[in-house]
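Only the coordinates and a few stated rules stand behind these numbers; no lab work does. Keep in mind that this is a model prediction, so the values were computed, not measured. A quick note on method: Cβ atoms are made from the backbone with ideal geometry, for glycine too, and the neighbour counts reach across all protein chains shown.
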């Protein structure tokens with residue numbers, strides 16, 4: 001089988017430590033194709049794992065820069081899609097896979113155009129919520145056209161599933177992303193200084209500016225704000241956030257950090273973890289990861305967030321999207337709350353894998 005993209009099943013750690021070994025055990029030979037193979041290898045070497053990646057794909061670029069459409073990036077991505085179609089065609093011709101799994105919007109597009117031949121399943125692992133009304137509805141029509149060319153679609157939440165037209169629902173299966181509890185650490189926190197964390201890739205829609213606004217509203221030395229995330233490709237945004245934080249009255253209590261190789265250890269030191277996506281987030285894994293560290297998550301309720309809270313009885317607080325003051329008030333009230341953390345056994349990779357594998361066979 002061919003797996004495209006870095007996080008083909010919602011998290012590289014889960015993929016390499018649990019999903020790929022199970023694929024091999026069940027007789028699959030996974031070929032993992034991505035750009036940035038050296039970064040992935042470096043990450044896993046630090047965890048004592050040697051991984052195999054075919055760094056054959058050319059990288060894609062964000063269609064927007066600073067919330068504005070970038071025609072340059074669209075053109076660069078289109079060129080690389082053309083090149084990557086050739087790569088995928090050669091891989092299919094050489095290995096004759098039983099399944100190809102895509103995991104990002106551009107890769108779904110790539111796979112939709114691919115002629116995989118008979119006996120090869122095209123599986124769309126859909127993590128995204130697309131504004132189907134954009135461009136006079138072309139986004140929505142495009143998403144349904146892509147899904148229509150797939151043999152199976154995995155949707156990671158009901159909010160994702162609902163995007164697709166009713167006539168496609170028979171090929172859509174909702175499967176929440178897996179999470180292995182032993183990857184996370186039940187830490188000790190709640191000291192004299194309340195530690196409030198955010199763990200998200202540095203891109204504007206993830207809500208880092210709201211994070212700083214919330215920090216600004218809580219200038220007391222009793223609060224510490226700490227943020228971690230990958231800023232590759234968004235260096236200017238990362239530097240802008242650091243510059244803003246440095247000018248704030250409580251700058252000494254605000255840390256804007258880059259990528260963290262042991263996020264679970266840092267999560268477990270927090271009292272609260274924030275989820276501040278400004279656009280509807282399909283199924284943010286940070287909700288589950290926070291609770292696995294026995295840390296409540298406070299966040300905006302857009303997309304699949306409310307669904308996950310209700311489905312898993314998550315510990316935390318939800319407020320309407322963008323309501324920073326409601327989060328500030330909830331943080332102030334934290335000492336008066338008690339939280340019960342759920343059992344995540346149903347998300348264990350072993351329980352997830354059976355349903356995932358069913359999508360790979362007709």
(request) Please work out the FRET efficiency for the pair residue 38 and residue 358, using the Cβ-Cβ distance as r and a Förster radius of 51 Å; give the result to the nearest 0.05. (result) 0.90
(request) For the range 181-343, state what percent of all Cα-Cα pairs lands in each successive 10 Å bin, counting from 0 Å until the bin that includes the largest distance. (result) 11, 43, 39, 7, 0
(request) Under 18 Å from a label point 7 Å along Cα→Cβ of residue 343: give me every residue in the range 285-301 with its amide N that close. (result) 291-294
(request) Starting from the coordinates of the alpha-carbon atoms of the range 90-135, obtain the Kirkwood hydrodynamic radius over all distinct pairs and give the value in Å to one decimal. (result) 11.8 Å
(request) Note the angle between two axes, namely the Cα long axis of helix 134-148 and the longest principal axis of the Cα atoms of the chain, as a number of degrees from 0 to 90, rounded to the nearest 10. (result) 50 degrees
(message) Assuming 0.36 nm per residue, please report the length gained on full extension of the stretch residue 236 to residue 144 beyond their Cα-Cα distance.
(response) 29.6 nm
(request) Jot down the radius of gyration and Dmax of the range 124-271, Cα atoms only, both in angstrom. (result) 19.9, 56
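Of the listed peptides 71-81, 284-294, what is their order by residue-averaged count of other C-beta atoms within 10 Å, with the highest listed first?
Listed from highest to lowest mean packing, they are 284-294, 71-81.
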(request) Output the peptides 88-96, 305-313 sorted from most to least packed, where packing is the average of other Cβ atoms within 10 Å over each peptide's residues. (result) 305-313, 88-96
(message) What FRET efficiency comes out for residue 192 versus residue 323 if R0 is 35 angstrom and r is the Cβ-Cβ distance? Round to the nearest 0.05.
(response) 0.80
(message) Can you compute the modelled spin-label distance between residue 46 and residue 162, with each label point 7 Å from Cα toward Cβ, in nm?
(response) 3.8 nm
(request) Using only Cα atoms, tell me the angle between helix 349-358 and the longest principal axis of the chain; keep it within 0 to 90° and round to the nearest 10. (result) 30 degrees
(message) Can you compute the radius of gyration and Dmax for the chain, using only the Cα atoms, both in Å?
(response) 20.7, 64
(request) Specify, per residue and in Å³, the volume enclosed by the convex hull of the alpha carbon atoms belonging to the range 275-362. (result) 96 Å³
(message) Quick check: from the Cα gyration tensor, does the range 262-303 come out rounded (a/c under 1.5), prolate or oblate?
(response) prolate
(request) Using only Cα atoms, locate the centre of the range 208-266 and the centre of the range 303-351, then give the distance between them in Å, rounded to an integer. (result) 21 Å
